[in-house]
Structures are given as C-alpha cells and as structure tokens.
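Read through the structure below, which is laid out as structure tokens, and then see the notes.
Throughout, read-outs are computed from the coordinates displayed, never taken from laboratory work. This structure is a prediction, so every number in the text was calculated from the model and none was measured. Positions of Cβ are generated from backbone atoms using ideal geometry, with glycine treated the same way; all protein chains shown enter the neighbour counts.
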Amino acid sequence: MFRTILTPLAFAVAIVLSPFAVAAPVAVPGTTVTLDPPKGFVAAERFPGFQREDLGASIMVTELPAPADDLKKAMTKDALASRGMTLHSTQKVKVGGVESALLHVSQTVNGMEFLKWMLVTGDPSQTVMVVGTFPKAAESAASDPVRKAVLSTTRDAGAKADPWAGLPFRIEPTPGLKLAKRITNMLVLTRDGTVGPGGSPGDPVYVVGESVSNVASTDVEALSRTRLSQTPQIKDLRNVEGRNLTVGGLGAYELVADANHVQTGDAVRVCQTIALDGRGYVIFLGIVGSALADTYLPEFRSVTASFRRVTAGR
C-alpha cells in the first residue's frame, strides 16, 4: 500500500558551531512536542524544529503514524548503515515517563562529518523522532547542549496538532483528496483522509512539501527528472511526459509517467511537479493505481494549482 511506506525527508547542514546553552521550553509548531532549544536557536522555516542558520545546527521533530516500539527495534546498526549513518551508541531513556531510545550516530555529507543525537519515543499509534545535528568539528561545544535539548522533549499525546501551524504555504484539498497527516514539512492527502494500515492497493496518495536544505540547481526540468527517478515507492518508469508551468508564481516542471509499485508490482500512474523557490524547491507528488488514473490525475493537478505562499502560521 502506498500509505504504509511514506518516510520523512533527510536533513543535514554544514558550518562551524559556537558554544550555546539551553533556553526556555518552546512548542514546536505543527506537532504535539515541546522542548528546550539551545540558546540562539529559532523556529525553523522549512521544517518543524529549531535551527541556527548562521551556524548550520538543527533540531528537527518528526511525527509518524506508526508504533514507536517498531521503529525503535528497526534502528539497528545495519539499518542505519544502509542510510549512510554509523551507530556509535544506543541507550534506553525515559521521556515523559515513556521508555524511549537515544541514539548517537555520525554521517558524512558532501565530505563533511556530522554527529546526531536521535531520540525515538511515542506510543503504539505514533512515533516521535527528535534529531539534533551538528558538525563533528564542534563536538566539544555542541554535543552536550544538543543532547540535553533533545532529552528535554515532552509531548501531549492527547493533543491534536494543527497541520498548518508554521507552514509557509497553503493548498486546497478536493472531494477526492482529503488532508490526512502532516509529516515534518510535508502534507499527505488520501482518499479517506487517513494514513496507516488498511485501504486497497492503488489508493491515491498525494504529498506536498518543501525541501529541507537549500538547492543550488536552477534547471527545474533536470531536477524534476532526477527527483522522479529517486522516488522510493515506484520502479520501472516509462511513458514519461513533461511540461513547463507556473505554480503559485514559481517556475515549475510537471512530469507524468507510468510505473510499478515497488512492493506490490501493481501498475501506477505518477504525477510529480517541482517548483523552484530561490532557496530550495517545493515538490508535489501524486501516485495512484492505473485503474483510477483518469479520475485522480485532474485532482492531483487541482491541488497543485491551489498552492500559495502565506506568512508562516497564518
């Protein structure tokens, strides 16, 4: 099923980090999480969490509709290695009275090494991941404050997070595509407005979100074709058709293609649009079983066309 394999975007930044201390508790917009960010960190514009943009450090919060125990068990040395990360330690910790896991990992990006403190907590219905990232060169100054900030995490399990909070854009769902979930800086729309086990193979899934890091490319077509080829849910791309268009005042490129679902092998139709915004890009991705393609391709395009920028949180 498409809805069971959605994953959050990866994030890493690089620059020198100076010492900092822990500030007051702050709610993370769009989530059920509150934590104490290190001094000098501000609410991030492109993901739920905090950052020091001038220094390149970040703390990102991700909430996933999956059992926390399953994800904790899956965070093995081999699994992390397959994602380019080296596991240095794992320890059990309690966060808000809930048994959780704290992982210390490293990752090399573009020739620069980063360290991460990764907290995995939650309950049988939702996983919360809080990841603090900083350059290896700043370990002595950054490691302890970031670790303390990550461990300061509290969550209101009974709260319903506002999916629009902190997002600098809006879209309009359609009768056939209802807002189901926010995952980091992405909105997920499905036919029945839910994300999780169940449903039928070929059910439509539409995702819109911003890239977390800056992107230097100015060739929107080339970026679009590369990004489509890297979509983990599909394989065997064919009959690819593209066109230039404008979305929310941004130059964009749409690709429509046939493919097969990577897990089930079912034939699917894919509609992806990439729009460059001067720093990174906005991605609009719809996947649906081929039998429903004629119905849902216009709905995918309708949601994409409704995209507009707003002041974050309004």
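Summary of computed values
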{"read-out": "Set of aspartates and glutamates near LYS235 by C-alpha distance (under 15 Å), chain-local residues within fewer than 8 positions excluded", "value": "ASP258, ASP266"}
{"read-out": "Sequence-distant residues sharing a close amide H with SER306 (under 5 Å, placed H)", "value": "GLU172"}
{"read-out": "For region 102-214, projected area of the alpha-carbon convex hull averaged over all directions, nm²", "value": "9.7"}
{"read-out": "Computed FRET value (nearest 0.05) for ASP70 with ASN239, which takes r as the C-beta separation and R₀ as 30 Å", "value": "0.25"}
{"read-out": "Ellipsoid equivalent to the chain - semi-axes via the Cα gyration tensor, in Å", "value": "33, 21, 19"}
{"read-out": "For the chain, calculated [θ]222 nm from helices alone, where every DSSP H run of n ≥ 4 adds -39500 (n - 2.57)", "value": "-4500 deg cm²/dmol"}
{"read-out": "Max mean-square fluctuation residue, GNM over the chain, Cα-Cα springs under 10 Å, options GLY132, GLY97, GLY193", "value": "GLY97"}
{"read-out": "Whole-Hz couplings from phi, Karplus 6.51/-1.76/1.60, listed for region 156-167; x for Gly and Pro", "value": "9, 4, x, 7, 10, 5, 7, x, 8, 4, x, 7"}
{"read-out": "Order of ARG227, ARG170, ARG52 under a 10 Å beta carbon neighbour criterion, fewest first", "value": "ARG170, ARG227, ARG52"}
{"read-out": "Net charge, GLU45 excluded, C-beta distance under 10 Å - Lys, Arg +1, Asp, Glu -1", "value": "0"}
{"read-out": "GNM result for the chain, Cα springs below 10 Å: residue of ALA180, ALA142, ALA74 fluctuating most strongly", "value": "ALA74"}
{"read-out": "Per-selection metrics, region 204-303 (Cα): Rg and Dmax in Å", "value": "13.0, 38"}
{"read-out": "Residues LYS72, LYS235, LYS116 arranged by fewest to most Cβ contacts within 10 Å", "value": "LYS235, LYS72, LYS116"}
